[in-house]
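Some notes on the structure that comes next.
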Amino acid sequence: MTRKDGLLALLVVVVWGLNFVAIKMGLHNMPPLLLAGLRFLLVAFPALLFVSRPKIPFRLLAAYGLTISFGQFAFLFSAIKFGMPAGLASLVLQAQAFFTIILGALALQEHLQGKQLAGILLAACGVLVLIEGSLGGQHVALLGFMLTLAAALSWACGNIFNKKIMQLAARPPIMSLVVWSALIPVLPFFAASFLLDGPALMWQSLIAIDLTTILSLIYLAFVATIVGYGIWGSLLGRYETWRVAPLSLLVPVVGMASAAWLLGETLSFTQLAGAALIMGGLLINVFGLRLRRAVVS
């Protein structure tokens, strides 16, 4: 990866790390599915009036929107609403990197190297340790964990559809893909909120919307989605999934630090051990033999 693309990836890391704090703050006065629907409505309008529709099959556009947008954030927003700490969610969500590597090998016939298998196994152990250190016998905590893992799988599926779209298009339609795919989840989000939350709660949340929620929506829509996914999709279009996807594992560094600083969240020793195992999986996956040689020397 070039230095310029490395810096762009670092920018996405910071943007997405702060994303979890923005979600937590936005959910104080609004149900999760309604907040997510408003987020993607702001991504789509008015941008689609100025951005042409991507020249790709609608089935791929719909698949991308339903996985990386609706599936990921329906699960993630609900997980945080049900008590999943924002910093911990930023870490568990990065299981998408390993889901993406596995799906890339199955769906795109990308070669899976030994270091990636070792990294996946180590990170999987880290997730188990995190679960053990976080549940505390609470059903809500278990639900939050499972929802966050489901969000990670949805993100990984979206990465694969993104790769297929980039392979079909002569010129990767990055911004048009981000903007037009945002239309796909809006109605499903609002319909799901209508069924699960009820029209009265939806209407009350809109009437009583405060500045914190508005600022959260602006950050989620314009910074985390348009800027973040625009850059991320461009990187996935130019590099193999195993080069790009693991970089997102650096997001929890920002996510947990910002959650501790802004929200006062802390991790237990067991949770920190699980986090260390997951980050160790990233190091092995990205650096492999180079990391081992550096240690030996």
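The values are calculated or read from the model by the stated rules, or taken from the named source; none is laboratory data. Note that the coordinates shown come from a computational prediction; the quantities given were computed from them, not determined experimentally. Note that each Cβ is placed from the backbone with ideal geometry, even for glycine, and that neighbours are counted across all protein chains shown. Just so you know, the surface numbers come from the protein's heavy atoms only, side chains and all, with ligands and any DNA or RNA stripped out. Shrake-Rupley method; radii C 1.70, N 1.55, O 1.52, S 1.80 Å.
Could you say which residue among A275, A208, A200, A259 is modelled with pLDDT of 85 or more, in contact with a helix residue (DSSP H, G or I) (Cβ under 7 Å, 6 or more places away or on another chain) and of a type outside the set (S, T, N, Q)?
Result of the check over A275, A208, A200, A259: A259.
In the stretch 84-118, what residues are within 22 Å of G133 (Cβ to Cβ), more than 14 Å from the chain's Cα centre (by Cα) and modelled with pLDDT under 85?
Of everything in the stretch 84-118, nothing turns out to be within 22 Å of G133 (Cβ to Cβ), more than 14 Å from the chain's Cα centre (by Cα) and modelled with pLDDT under 85.
Looking only at residues in the stretch 72-92 that are small (G, A, S) and open to solvent by 10 Å² or more (accessible area, probe 1.4 Å), which one is farthest from V186 (Cα to Cα)?
G83
Given G264, G255, G230, G237, which one is surrounded by fewer than 21 Cβ atoms within 10 Å (Cβ to Cβ), among the small types (G, A, S) and within 16 Å of the chain's Cα centre (by Cα)?
It is G230.
Scan (1) touching a Leu at 6+ places or on another chain (Cβ under 7 Å); (2) among the hydroxyl-bearing types (S, T, Y); (3) at pLDDT 95 or above for the single condition S154 breaks and write down its number.
Among (1) touching a Leu at 6+ places or on another chain (Cβ under 7 Å); (2) among the hydroxyl-bearing types (S, T, Y); (3) at pLDDT 95 or above, S154 violates only (1).
Give me a count of the residues in the stretch 50-65 that are assigned to a helix (DSSP H, G or I) and open to solvent by less than 80 Å² (accessible area, probe 1.4 Å).
6
Of the residues L18, L41, which is open to solvent by 50 Å² or more (accessible area, probe 1.4 Å), in a helix (DSSP H, G or I), closer than 30 Å to P199 by Cβ and not small (G, A, S)?
Going through L18, L41 in turn, the sole match is L41.
Out of (1) of a type in the set (A, V, I, L, M); (2) under 19 Å from the mean Cα position of the chain (by Cα); (3) within 26 Å of L277 (Cα to Cα), what's the single condition that is false for A74?
Going through (1) of a type in the set (A, V, I, L, M); (2) under 19 Å from the mean Cα position of the chain (by Cα); (3) within 26 Å of L277 (Cα to Cα) one by one, A74 breaks only (3).
Please work out if A224 is within 25 Å of L103 (Cα to Cα) and within 19 Å of the chain's Cα centre (by Cα).
Against the criterion (within 25 Å of L103 (Cα to Cα) and within 19 Å of the chain's Cα centre (by Cα)), A224 qualifies.
I need a count of the residues in the stretch 21-30 that are open to solvent by 10 Å² or more (accessible area, probe 1.4 Å) and over 19 Å from V92 (Cβ atoms).
Total satisfying the criteria: 3.
Let me spell it out: the conditions are (1) touching a Pro at 6+ places or on another chain (Cβ under 8 Å); (2) under 15 Å from S154 (Cβ atoms); (3) surrounded by 24 or more Cβ atoms within 10 Å (Cβ to Cβ), and I68 meets all of them except one. Which number is the exception?
I68 satisfies all of (1) touching a Pro at 6+ places or on another chain (Cβ under 8 Å); (2) under 15 Å from S154 (Cβ atoms); (3) surrounded by 24 or more Cβ atoms within 10 Å (Cβ to Cβ) except (1).
In this structure, does L91 turn out to be of a type outside the set (F, W, Y), in contact with a Phe, Trp or Tyr (Cβ under 8 Å, 6 or more places away or on another chain) and in contact (Cβ under 8 Å) with a residue 60 or more places away in the chain?
The answer is no for L91.
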